[in-house]
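Trainee: Questions regarding the structure given below will be posed in turn.
The numbers here are math on the coordinates, done by the rules we state, and not lab data. Everything quoted here is computed from the prediction, not taken from an experiment. Quick reminder, even Gly has a Cβ in these numbers, built from the backbone with ideal geometry, and neighbours come from all protein chains shown.
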Amino acid sequence: MTEALRQTKTHLQQLLTQYGIHPRADLGQNYLIDLNIIEFIVSQARLSERDVVLEVGTGTGGMTAFLVQQAGHVISVELDPNMHQMARDQLGHHRNLTLLHRDALRNKNNFAPEVLQAIQDELSRGTDRQLKLVANLPYNIATPVVSNLVATELPWQRMVITIQLELGLRMQAGPGQGTYGALSAWLQSQAEVKLLKRLPPSVFWPRPKVDSAVMLLTPDLAARQLIEDRPFFHDFVRRVFLQRRKLLRSVLVGMYRKELDKTRIDEILAGRGLGETARAEELTPTQLVELSNCLRGAMPPPASESP
C-alpha cells in the first residue's frame, strides 16, 4: 500500500507541482495529510468484498488507495480534470476501481445519472452487494451528497465522511437546538447520526479555516418505513423549516392553502396533540413524520391518481 503511505504534505506538494496543479478553494480541495485519520475513516467503514464504495472527491487518491485494498469495488468521482488524471495515473491499474471525471450531482436534488448507473452496475454483480459512502467530502457539496443518497432507494449501509464540523453538528442536532433544522429531521428520520471524531485544520493541506468532523450514518429501516410518502415528507420538512420559528398552524395554512382548509389543519394538529403555539423547531423527527403522514393522507389525490 505504498501509494497510500506517501500521503504527506511534502509528497502532495511535490506531486501537485509535477502535474502543475494548485489546490482550488472553489472546489473545496483540502486534502487529508494525516495517515492515522485516513486509516481511522476506512476502518470505520468496515469494508468487505461485498461492498461497493462511493467516494465523492477522489482528490490525490490518498484515501482511494486504502479503499481499493478492502472493498469489492470503488467508484470514485472527481470534478477537477487535472486531479482526475493524476489519480488515474497513480491508481488506474486497480481492476476494482472506477474513476469518473464529472460532477457527482446533476443538480442540488439529484445525483448525476452516470454516477447512479455506475453504482447500479456494480451492485448488480452480486445479490449480497451493498453500498457505502466513504469520502473526504468537499464542503460545498457535502449536504446534497448525503441528503440525496438518503433520498434514493439504493441499499446504502454506511456513510463515513469528513465534513465541516458545523454541518456535522447540524446533522445530529435535536429539537430546541439552534442548529436543528430540515437536514437534521430528514436524516434522523431515517438514519442514526453520530459524530466520531473532531478534526483540527492541521490534518488537512491546504488548511481550511474551520474545524471538521468524521461522521457516521447508518440506516434505520424501521423508522424509514414509518414515512408513508418520502418525497412528500422531504418537501414538507424543507418548507416547514423555512419558517421554523413561526407558529406551525400559520405555516401549514400557507403551505397547503390549495389542498386543505384551516379547519382541517386545526383538526390534524389537534389530533397530533400540537397546540396553537407549536413550532416546527420544537418537533422531533418522529413527530414531523407523523404530522406529514396525516397531512398527506388528508389531501385529495393528484389528478393522475384519481379513479
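Trainee: HN-Hα J couplings of the range 235-245 from phi, Karplus 6.51/-1.76/1.60, θ = phi - 60°, integer Hz, Gly and Pro as x?
Mentor: These are the phi-based 3J(HN,Hα) values: 5, 4, 5, 4, 6, 5, 8, 5, 10, 4, 8 Hz.
Trainee: Cα gyration tensor of the range 230-300, axes a ≥ b ≥ c as square roots of the eigenvalues: rounded (a/c below 1.5), prolate (a/b > b/c) or oblate? Write down the numbers at each step before the final one.
Mentor: Values: a/c = 1.24, a/b = 1.07, b/c = 1.16.
Note, shape of the range 230-300 comes out rounded.
Trainee: Would you mind calculating the relative contact order of the range 230-300 from Cα pairs under 8 angstrom and at least 6 residues apart, reporting the percent as a whole number? Don't skip to the answer; put the middle values down first.
Mentor: Numbers: 56 pairs, mean separation 29.6, N = 71.
Over the range 230-300, the number comes to 42 percent.
Trainee: Could you tell me the relative contact order of the chain? Use alpha-carbon pairs under 8 Å, at least six residues apart, and round to a whole percent.
Mentor: Computed value for the chain: 14 percent relative contact order.
Trainee: Can you order the peptides 232-240, 23-31 by their average number of other Cβ atoms within 10 Å per residue, highest first?
Mentor: Working: 232-240: 19.7, 23-31: 17.0.
In descending order of packing, they fall as 232-240, 23-31.
Trainee: Grab the other residues whose beta carbon is less than 10 angstrom from that of MET86, score K and R as +1, D and E as -1, and report the net. If you can, show how the numbers build up before the last one.
Mentor: Details: positive: ARG88; negative: GLU78, ASP80, ASP89.
Cβ neighbours under 10 Å give a net charge of -2.
Trainee: Then there's this: Once the other residues with Cβ under 11 Å from the Cβ of LEU217 are scored (Lys, Arg +1; Asp, Glu -1), what is the net sum? The partial results should precede the final answer.
Mentor: Values: positive: LYS132, ARG158, LYS194; negative: GLU192, ASP220.
That works out to +1.
Trainee: Now, a different point. If you build a Gaussian network model of the chain, linking Cα atoms that sit under 10 Å apart, which residue out of ALA118, ALA135, ALA104 swings the most?
Mentor: Per the Cα network of the chain with a 10 Å cutoff, ALA118 tops the list.
Trainee: Cα gyration tensor of the range 106-228, axes a ≥ b ≥ c as square roots of the eigenvalues: rounded (a/c below 1.5), prolate (a/b > b/c) or oblate? Let's see the in-between values first.
Mentor: On the way: a/c = 1.87, a/b = 1.27, b/c = 1.47.
Because a/c hits 1.5 or more and a/b fails to exceed b/c, the range 106-228 counts as oblate.
Trainee: Let me ask something else. What is the chain by shape, rounded, prolate or oblate, if you read a ≥ b ≥ c off the alpha carbon gyration tensor as root eigenvalues and call it rounded for a/c under 1.5, prolate for a/b larger than b/c, and oblate otherwise?
Mentor: Working: a/c = 2.49, a/b = 1.93, b/c = 1.29.
Note, shape of the chain comes out prolate.
Trainee: Taking only Cα atoms and a 10 Å spring cutoff, compute GNM fluctuations for the chain and point out the largest among GLY273, GLY181, GLY92.
Mentor: GLY273
Trainee: Now for a separate question. What are the residues whose amide H is under 5 Å from the amide H of LEU196, where those residues sit 5 or more places off or on another chain and H is modelled from the backbone?
Mentor: The answer is VAL214, MET215, LEU216.
Trainee: Then there is this: Over the chain, how many pairs of lysines fall under 19 Å by alpha carbon, counting only those 8 or more apart in sequence or from different chains? Before the final figure, lay out the partial values.
Mentor: Details: LYS9/LYS209; LYS132/LYS194; LYS132/LYS197; LYS197/LYS209; LYS246/LYS262.
Lysine pairs meeting both conditions in the chain amount to 5.
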